[in-house]
């Protein structure tokens, strides 16, 4: 796979820019970059408890039973996640937060 860093123009390539977090294959979203190592560490480290929000599109409709099941112990990237209140815009989308 091609690295996202190949899209940076040459002045940015020399600044040690790193992503905060990641996007897995077959996902979409906002990827934040910085050249401030301390800021990157603070955003990624579990110690600082910076919440992450995942917008999820589901194969099956989201209903109260599925929301309750998610609240009982869903894991994403080795972190527990729970639906955000009133976060489903339609029956197939929901926001989860770590």
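Any chance you could count how many residues in region 45-80 are under 13 Å from the mean Cα position of the chain (by Cα) and under 16 Å from residue 22 (Cβ atoms)? Qualifying residue count, region 45-80: 9.
Is it the case that residue 88 is at pLDDT below 85, assigned to a loop (DSSP other than H, G, I, E, B) and surrounded by 10 or more Cβ atoms within 10 Å (Cβ to Cβ)? Yes: the conditions hold for residue 88. Selection within region 76-85: residues that are without any contact (Cβ under 8 Å) to a residue 24 or more places away in the chain and in contact with a strand residue (DSSP E or B) (Cβ under 8 Å, 6 or more places away or on another chain). The member of this set that is surrounded by the most Cβ atoms within 10 Å (Cβ to Cβ) is 83.
So which helices (runs of 4 or more DSSP H) are wholly in region 1-75 and hold at least 1 residues that are free of Cβ contacts under 8 Å to residues at least 24 places away in the same chain and assigned by TED's automatic domain parsing to the domain that holds residue 94?
Working: elements: 10-13, 37-44, 64-71.
It comes to 64-71.
The values are calculated or read from the model by the stated rules, or taken from the named source; none is laboratory data. Quick caveat, the model's predicted, so the values are computed rather than measured. Don't worry about glycine lacking a Cβ; one is built from the backbone with ideal geometry, like all the others, and counts go over all protein chains shown.
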